[in-house]
Amino acid sequence: MFSVLLLAVPALSAIGQAPVRAQMLAGLAIDGIRCDVSEGAVQHIHTHLQLFDRGRAAGVPEQIGIPAGAGCLYWVHTHSNDGIIHIEAPVARTFNLGQFFDIWDTSLSRMQADGVRARRGGTLRVTVNGRLWTRDPRSIPLRDHEEIVIQNGPPYVSGHRADWSKL
Ligand SMILES: [Zn+2]
């Protein structure tokens, strides 16, 4: 029994992110976040995410969480490439940045955020509303009108505030 378990663990890690992609294509739940045919009405908030690599903006794509052909959108998604994460959910629950990156189907850790990687032995600089975030960036709660900046530096930039007047 014990040896069976040992064999199962590397097999699971070897398939990596492929299951997430397959779930996305089928519109199946990811981290308990469903892909529904219409936007949820219980909670509608927005968080602004910016990524920088040595002072240059690295994009957050449009249509994250809106898989083409699936006919649904995940509760946590983007519409355009402005870095605004839309949380439109039929439940009152706090989502976190790690869940958004899982739906994006890319990496988030202290060392890497999508294509932005810290230098060997270093970590990315993460701020939430300008304050340094030193814990795992995956645990950052997605709250309304917050500014999340993740970057590899130097140089370090402060980013820009979203135009919250419309959101
Ligand atoms: Zn929205």
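Which condition from (1) away from the ligand (no atom under 16 Å from the Cβ); (2) over 16 Å from Q50 (Cα atoms); (3) among the small types (G, A, S); (4) touching a residue at least 40 places away in the same chain (Cβ under 8 Å) is the one that G122 breaks?
Of the numbered conditions (1) away from the ligand (no atom under 16 Å from the Cβ); (2) over 16 Å from Q50 (Cα atoms); (3) among the small types (G, A, S); (4) touching a residue at least 40 places away in the same chain (Cβ under 8 Å), the odd one out for G122 is (4).
For the list (1) within 16 Å of the ligand (Cβ to nearest atom); (2) part of a strand (DSSP E or B), I need the number of the one condition that E39 fails.
(2)
State which residue is nearest to A113 (Cα to Cα) when the search covers only region 74-86 and only residues that are touching a residue at least 40 places away in the same chain (Cβ under 8 Å) and outside any strand (DSSP E or B).
G83
Just to be sure I understand, how many residues within region 87-125 are in contact with a helix residue (DSSP H, G or I) (Cβ under 8 Å, 6 or more places away or on another chain), farther than 12 Å from I33 by Cα and assigned to a strand (DSSP E or B)?
Going through region 87-125 one residue at a time, the tally reaches 2.
For region 129-145, does any single residue satisfy the condition of being within 13 Å of the ligand (Cβ to nearest atom), assigned to a loop (DSSP other than H, G, I, E, B) and surrounded by 17 or more Cβ atoms within 10 Å (Cβ to Cβ)?
Taking every residue of region 129-145 in turn, at least one turns out to be within 13 Å of the ligand (Cβ to nearest atom), assigned to a loop (DSSP other than H, G, I, E, B) and surrounded by 17 or more Cβ atoms within 10 Å (Cβ to Cβ).
Do the conditions hold for R34, that is, is it farther than 19 Å from G98 by Cβ, at pLDDT 90 or above and basic (K, R)?
It is false that R34 is farther than 19 Å from G98 by Cβ, at pLDDT 90 or above and basic (K, R).
Every residue, every condition in (1) at pLDDT below 95; (2) within 29 Å of V42 (Cα to Cα); (3) of a type in the set (A, V, I, L, M), yes or no:
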{"site": "N81", "(1), (2), (3)": "no, yes, no"}
{"site": "I87", "(1), (2), (3)": "no, yes, yes"}
{"site": "T106", "(1), (2), (3)": "no, yes, no"}
{"site": "P141", "(1), (2), (3)": "no, yes, no"}
{"site": "G153", "(1), (2), (3)": "no, no, no"}
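The values are calculated or read from the model by the stated rules, or taken from the named source; none is laboratory data. Bear in mind the structure is a predicted one, so any value in this text is a computation, not a measurement. So basically every Cβ, Gly included, is an ideal-geometry build from the backbone, and we count neighbours across all protein chains shown.
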